[in-house]
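For reference, the structure is listed below as structure tokens.
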Amino acid sequence: MMTAAMTRPCRMAGLGLAALLMSGASALAQTTERDQWRSYGQNPGSTNFSPLTQITPDNVATLKRAWTFNYGGGTDDNGDRGLDYRWEVTPLIIDGVMYVSTPTNPAKPDLKSTVTALEPETGKVLWKYESPRNIHGRGLAYWPGEGDVGPRLFFATDQGYLMALDMKTGQVAAGFGQDGAIDAYEGVASETVGESRRDTWTIPNPASIYKNLVITGSRPGEAGPPGPRGDIRAWDAKTGALVWTFHTVPQPGEANHETYTGDEWKDRSGANVWSTMTVDEANGIVFAPVGDLNGRAAGPELYSNSLLALDAATGELKWFKQITHKDLWDWDMPTPPVLVDFKAADGTTTPAIALTGKQSLLFVFDRLTGRPLHEVTEQPTPRSDDPNDQAWPTQPIPARPGPLARTTMTRDEIPNITPEQYAYCTTFWDQNNIKVTGLYGRPSLTTGTLSFPSTLGGPNWGGPSYSPQSGLFIVNVQNMGQYRAAGPAGAGFMPRPRGAAPAPGAGGAAAAPPAIVQSGFNYRVDPNTVLPCTPTPWGELVAVDINKGEIVWRAPLGSTPGLGDAGAETGSRNLGGNIQTASGLAFIGASNDRQFRAFDTRTGRQLWSVELEASAHSTPITYLGKDGKQYVVVVGAGGTAVGSKHMSDTLNAFVLP
């Protein structure tokens, strides 16, 4: 349970962090060169950690804008452009060149989707490849080449294609598939499904690279069966040939197929990896966070909502842990796993994998065996009074560090931000007789319910960061709840309030409809300002000592510009990731207030912020330029499920004076 102390600008816990930050190098195998950002998570282990130290807590406040790049999507106030047109990209820095993919814009039919090479010190375009199809996902995957086959960039497009680009020529890699592309939709859709789901199937995040393999997940769409499978597959990086397939819904004859009844398994969609997979190169393991199943099954719905440890060379299952049994909450498993070094009290170090998700729990497992390094127990979870509720009776709960995001509240904790908002929220609570069901809460037939976190999390796809020096695991969270009106447990997530009070302050003008229509457990001040009725801060950055399993600090993340000074510490909805540097800084955009921020990783104190053209729902990078200067770069494009209506096409670079 969160306390009043959590509304302070920063809350510290534990001692000795400064000593931890000076404790030396890591045992992690995936340490890349100083001036490189070679994969989506900085390295195959997804640590989002840079060893650079030029920008420090002492000088970060002097950062200035170095350059911007605009891909041509334009700036407008029309809001999110749609799932396949969002610009949430993390650039790559490879051998002194920046590479970034750009989407099309449905409002600009002549705009081509590209892979663009930039000079990282100036933002100057070096070359640009125009794709025949819209490029999907949050970035590119880099393969260094082998022998007479040069380095390549891999990306996914509309219609389910995976493409390869020759980095030496800036053109498609002719030896990969047919004319540089393979049809990745082929092979996951049965004859029954056919071409019916091609338009909604894609590879949404950068592929993972292991030796000469390109390992992909998928986003098959949200519709129930029959649909394309959510298989994990590996392709030959040279030829595009399929090397191995892992069925995330076990097929006949495979382990755990017996957990499905009858034909429940057949043409079952979902159970897909739409987030980012993590590779342990030293041990040859790929870690895959599998999302929820599309439609229900009688059993635990394996391997949905599971962390899979697969042999990266063969696809053979080494071990798995189901993080949520039968996901009725849309938890998804969006957050990339992170390779960490777990240092026990006796001085021993265990190669480990850390995973959190929308439900806000943090699990740490031995990479090789799957053994929990912080105890995990199956615990009973809240029940519905609906006898037809399909919720699994227990869920795995780690003993430490406890939930990273809010999991409960009381009526007394409704924030009193404005008289109108407070009156609306308290009246809504009383008229709907709200019962707080907390983590894994279920709807009720007789009363409105409020569960935590919401379907957006907790943490989401942005990804945590991990410092091998300090052992700090930092992730951004949201603290909003999920309201459900009284009704059957299977009714879904959309609120259906009854008797909601009109917003006070309407001046008693009964003949005219209110300018703002209020509904659900939020209060709308104006079209761009929505205040959750749950306690502030609505967004936070949270630091965890991965070894002790203790929360070290929490800091509000985001503000509410529509409230002026009163909104400075409210926190906000946020989607995007953070990075850490060896100098003790964390950089993050994510919040929907257009701010890009730097925090002191020792204390959680915000040290710097700058307003961007649009909110940065992406993960930043940092690198050392050829001019000897350290740069910090982030995409600020707006949109997403939490973004404001203001959209942009801007890549922003910052540097010290």
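The values are calculated or read from the model by the stated rules, or taken from the named source; none is laboratory data. Source: prediction; values computed, not measured. Please note: Cβ atoms are built from the backbone with ideal geometry, for glycine as well, and neighbour counts cover all protein chains shown. These accessible areas exclude ligands, DNA and RNA; they are computed on the full protein's heavy atoms, side chains included. Shrake-Rupley method; radii C 1.70, N 1.55, O 1.52, S 1.80 Å.
Any idea what the dipole of the range 373-412 comes to, in debye rounded to 20, about its Cα centre with Lys/Arg Cβ at +1 and Asp/Glu Cβ at -1?
For the range 373-412, the charge dipole is close to 220 debye.
Hey, any idea what % of the chain's accessible area is carbon plus sulfur with a 1.4 Å probe?
On the way: 11820 of 23290 Å².
Exposed carbon and sulfur together represent 51 percent of the surface.
Based on alpha-carbon atoms only, what is the radius of gyration of the range 406-451 relative to the globular estimate 2.2 N^0.38 Å?
1.19
Along each of the three principal axes of the Cα atoms of the range 170-287, give the extent in whole Å, ordering the values from largest to smallest.
48, 35, 23
Residues with beta-carbon under 14 Å from that of Ala313, excluding Ala313: net charge, scoring Lys, Arg +1 and Asp, Glu -1?
Counting the neighbours of Ala313, the net charge comes to -2.
Counting heavy atoms of the protein chains only and a 1.4 Å probe, report the per residue accessible area for the range 200-348 as a whole number of Å².
On the way: 4420 Å² over 149 residues.
Using a 1.4 Å probe on heavy atoms only, each residue of the range 200-348 averages 30 Å².
Kindly flag which residue pairs out of Lys318/Lys548; Lys64/Lys626; Lys112/Lys211; Lys435/Lys548 have an alpha-carbon separation exceeding 25 Å in this structure.
Among Lys318/Lys548; Lys64/Lys626; Lys112/Lys211; Lys435/Lys548, the Cα-Cα distance tops 25 Å for Lys318/Lys548; Lys112/Lys211; Lys435/Lys548.
Determine the calculated [θ] at 222 nm for the chain from helices alone, applying -39500 (n - 2.57) to every DSSP H run no shorter than 4 residues and normalising by the residue count; nearest 500 deg cm²/dmol.
Calculated from helices alone, the mean residue ellipticity at 222 nm is -1000 deg cm²/dmol.
Over the alpha-carbon set of the chain, divide Rg by the Kirkwood Rh and report the Rg/Rh ratio to two decimals. Don't skip to the answer; put the middle values down first.
Values: Rg = 23.8 Å, Rh = 25.1 Å.
Across the chain, the Cα-based Rg/Rh ratio is 0.95.
Got the relative contact order for the range 534-637 handy, in percent, Cα pairs under 8 Å and 6 or more residues apart?
19
What lysines sit close enough to Lys108 to cross-link, taking a C-alpha to C-alpha distance under 29 Å and skipping anything fewer than 8 places away on the same chain?
Cα-Cα hits under 29 Å: Lys124, Lys128, Lys645.
Restricting things to Cα coordinates, could you compute the convex hull volume per residue of the range 208-266 in Å³?
102
Taking K and R as +1 and D and E as -1, what net charge do the other residues with C-beta under 11 Å from the C-beta of Ser304 add up to?
On the way: positive: Arg268, Arg296, Lys326; negative: Asp292, Glu301, Asp327, Asp332.
Net charge around Ser304: -1.
Taking K and R as +1 and D and E as -1, what net charge do the other residues with C-beta under 14 Å from the C-beta of Gly160 add up to?
Net charge in that neighbourhood comes out at -1.
Binned at 5 Å from 0, what are the whole-percent values of the Cα-Cα distance distribution for the range 52-154, short to long?
Once binned at 5 Å, the Cα pair distances of the range 52-154 give 2, 10, 18, 19, 17, 14, 9, 6, 3, 0.
Would you mind calculating the gained length between Gln251 and Val517 on full extension (0.36 nm times residue separation, minus the Cα-Cα distance), in nm to one decimal?
90.9 nm
What aspartates and glutamates does Lys326 reach when the alpha-carbon gap must be under 19 Å and sequence neighbours fewer than 8 apart in one chain are set aside?
Correct list for Lys326: Glu222, Asp231, Glu258, Asp263, Glu264, Asp267, Asp292, Glu301, Glu378, Asp385, Asp386, Asp389.
With no solvent and one equal point scatterer placed on each C-alpha of the range 506-657, evaluate the Debye formula and give log10 I(q)/I(0) for q = 0.11, 0.15, 0.17, 0.19 Å⁻¹, two decimals.
Relative scattering, expressed as log10 I(q)/I(0), comes to -0.50, -0.83, -1.01, -1.19.
Relative contact order, percent, of the range 212-371 when contacts are C-alpha pairs under 8 Å separated by at least 6 residues? Provide the component values of the computation, followed by the final result.
Working: 390 pairs, mean separation 27.7, N = 160.
Normalised by residue count, the contact order of the range 212-371 is 17 percent.
How big is the gap, in Å, between the Cα center of the range 261-288 and the Cα center of the range 550-623?
Centre-to-centre (Cα) distance: 31 Å.
Could you grab the relative contact order for the chain? Cα pairs under 8 Å, six or more apart, rounded to a whole percent.
On the way: 1861 pairs, mean separation 104.1, N = 657.
After rounding, I find 16 percent.
What's the FRET efficiency of Ala298 with Asn433 using the Cβ-Cβ distance as r and R₀ = 45 Å, to the nearest 0.05?
0.85
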